[in-house]
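J.: Could you have a look at this structure, given as structure tokens, before my questions?
The values are calculated or read from the model by the stated rules, or taken from the named source; none is laboratory data. Every value quoted in this text rests on a predicted model; they were computed, and no experiment measured them. A quick note on method: Cβ atoms are made from the backbone with ideal geometry, for glycine too, and the neighbour counts reach across all protein chains shown. The accessibility values were calculated without ligands, DNA or RNA, using every heavy atom of the protein model including side chains. Shrake-Rupley method; radii C 1.70, N 1.55, O 1.52, S 1.80 Å.
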Amino acid sequence: MVAEKLLQKEQPNSTAPLVNVENLSVEFRSKTGNVQAVDGVNFSIHQSETLAILGESGSGKSTVALALMGLLPKPNGHVNRGAIYFQGRNLVDLEESERRKMRGEKMSMVFQDPLSALNPVYTVGFQIGEVLRVHRRMSRSKIKKAVVELMEQVKIPDAKSRIKDYPHQFSGGMQQRVIIAMALALQPKVLIADEPTTALDVTVQAQIMQLLKELQRTEKMGLVLISHDLGVVANHADRVAVMYAGHLVETGKVEEVFRNPAHPYTVGLMESLPTLNKNTSRLVPIKGSPPNLLTPPKGCPFHPRCPIAKDICRQELPELTEVASGRESACHFYKEVLQHG
Ligand code: ATP
Ligand code: SF4
Ligand code: MG
């Protein structure tokens, strides 16, 4: 993979990636037709780095995450092309029993709708301990000690007494900390956080992001941060992968992509963000809406909304191509975009 080689060149001391996603494609089958929700996606995740996956609603971010975790809804969702290598092993080929063993141990996920991940009838301590009971076969007293330590790690005050509380006795931010503790229980090497702060108010959002970043530093985890919030991505990610209609359209270091995007869709996203768009007094939303994936447009999926689309765009799908050191774009006219923004 081009991006991979470039990244290794830039960081001679960096270790091999933990995860390599190659040509990942996910299809959902339904009565109304088949949807290619993710189409030929490539990226890698390294130890201690934060990769943000950015894109509008329906672009395929959560589907990528569920494919990484082996949790695509069955029977209608499946990986129909490509591979997901975790430390060299292709997860797509693994039996479900092996996959289950890896979940939580190697890769863990904080889900997009986290509050539904907590069961109202069990104490938070029981729920954090559950994963240890299943995977570690520890004694009751050891589990209790580990649960208190996990609650302290995610900075839940007074952990020893709160272990017996039920989810409804916790605020939204504290519930999210419980969910993060559950995801961290088995010390995963990669943590996927799917919109981890969307349901929370702004102050709590900042605290949760700070916590995730601190945990990432101490545990040296690779963090996949899924978001449609450019501010969160700008503040917390090292690299960004921009998705549109199931395709990866741009990748690169966050500061470079945000400063000088190489794809018209990313340009559109930047123009819709007030803090990055200081020269204009109002937001400029991207005109139109993403395509219906049941009937995707021919050629570049962004062409119906692209202000610089030309004939070739309506005919040929642009491949994700190296456009500068450590940067890729899937646009026939990336040079013009890089020059003129
Ligand atoms: P959001 O920002 O709203 O969370 P997303 O980028 O996470 O969006 P996905 O949830 O990955 O988007 O959905 C990608 C596409 O796959 C959408 O077109 C969606 O309708 C479709 N899709 C997702 N789950 C299913 C499913 N279980 N069955 C059929 N189609 C699905
Ligand atoms: Fe726009 Fe064409 Fe580039 Fe697609 S390939 S983003 S339609 S210029
Ligand atoms: Mg989603």
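J.: Please specify each residue of region 81-98 satisfying the condition of being crowded, with 16+ Cβ neighbours inside 10 Å and either within 16 Å of ligand 2 (Cβ to nearest atom) or free of Cβ contacts under 8 Å to residues at least 40 places away in the same chain (or both).
T.: If the condition is that a residue be crowded, with 16+ Cβ neighbours inside 10 Å and either within 16 Å of ligand 2 (Cβ to nearest atom) or free of Cβ contacts under 8 Å to residues at least 40 places away in the same chain (or both), then L91, V92, L94 are the ones that fit.
J.: Mind listing whichever residues of region 149-201 are free of Cβ contacts under 8 Å to residues at least 60 places away in the same chain, in a helix (DSSP H, G or I) and farther than 23 Å from E105 by Cβ?
T.: Result: A159, K160, S161, R162, P167, H168, Q169, G172, G173, M174.
J.: Only one of these conditions is not met by E56: (1) part of a strand (DSSP E or B); (2) modelled with pLDDT under 95; (3) acidic (D, E). Which number is it?
T.: (1)
J.: Also, I was wondering about something else. On the given criteria, is H78 touching a residue at least 24 places away in the same chain (Cβ under 8 Å) and out of contact with any strand residue (DSSP E or B) (no Cβ under 8 Å at 6 or more places or on another chain)?
T.: Details: touching a residue at least 24 places away in the same chain (Cβ under 8 Å): yes; out of contact with any strand residue (DSSP E or B) (no Cβ under 8 Å at 6 or more places or on another chain): no.
For H78, the condition - touching a residue at least 24 places away in the same chain (Cβ under 8 Å) and out of contact with any strand residue (DSSP E or B) (no Cβ under 8 Å at 6 or more places or on another chain) - is not met.
J.: Continuing with the same structure: Are any residues in region 103-143 within 16 Å of ligand 1 (Cβ to nearest atom) and either open to solvent by less than 40 Å² (accessible area, probe 1.4 Å) or among the aromatic types (F, W, Y) (or both), and if so, which ones?
T.: Pass one, region 103-143, residues within 16 Å of ligand 1 (Cβ to nearest atom): 109-117.
M109, V110, F111, P114 - these are the residues of region 103-143 that are within 16 Å of ligand 1 (Cβ to nearest atom) and either open to solvent by less than 40 Å² (accessible area, probe 1.4 Å) or among the aromatic types (F, W, Y) (or both).
J.: For region 46-53, check the following and say yes or no: at least one residue is without any contact (Cβ under 8 Å) to a residue 24 or more places away in the chain, more than 13 Å from ligand 1 (Cβ to nearest atom), in a strand (DSSP E or B) and not aromatic (F, W, Y). Before you say what the answer is, go through the steps one by one.
T.: At the first step, the residues of region 46-53 found to be without any contact (Cβ under 8 Å) to a residue 24 or more places away in the chain are none.
No, region 46-53 contains no residue that is without any contact (Cβ under 8 Å) to a residue 24 or more places away in the chain, more than 13 Å from ligand 1 (Cβ to nearest atom), in a strand (DSSP E or B) and not aromatic (F, W, Y).
J.: Please enumerate the residues belonging to region 309-341 that are open to solvent by less than 60 Å² (accessible area, probe 1.4 Å), charged (D, E, K, R) and free of Cβ contacts under 8 Å to residues at least 12 places away in the same chain.
T.: none
J.: Of the residues that make up region 74-91, is at least one within 13 Å of ligand 1 (Cβ to nearest atom), touching a helix residue (DSSP H, G or I) at 6+ places or on another chain (Cβ under 9 Å), over 23 Å from Q205 (Cα atoms) and assigned to a loop (DSSP other than H, G, I, E, B)?
T.: No, there is no match, as no residue in region 74-91 is within 13 Å of ligand 1 (Cβ to nearest atom), touching a helix residue (DSSP H, G or I) at 6+ places or on another chain (Cβ under 9 Å), over 23 Å from Q205 (Cα atoms) and assigned to a loop (DSSP other than H, G, I, E, B).
J.: Looking at Q210, is it more than 14 Å from ligand 1 (Cβ to nearest atom) and surrounded by fewer than 16 Cβ atoms within 10 Å (Cβ to Cβ)?
T.: Working: more than 14 Å from ligand 1 (Cβ to nearest atom): yes; surrounded by fewer than 16 Cβ atoms within 10 Å (Cβ to Cβ): yes.
So Q210 fits the description; yes.
J.: Among E256, E195, which is within 16 Å of ligand 3 (Cβ to nearest atom), open to solvent by 10 Å² or more (accessible area, probe 1.4 Å) and acidic (D, E)?
T.: On the way: E256 fails: within 16 Å of ligand 3 (Cβ to nearest atom).
Criteria check complete, one pass: E195.
J.: Of the conditions (1) more than 16 Å from ligand 3 (Cβ to nearest atom); (2) in contact (Cβ under 8 Å) with a residue 12 or more places away in the chain; (3) open to solvent by 20 Å² or more (accessible area, probe 1.4 Å), K31 fails just one. Which one is it?
T.: So K31 meets the others, but not (2).
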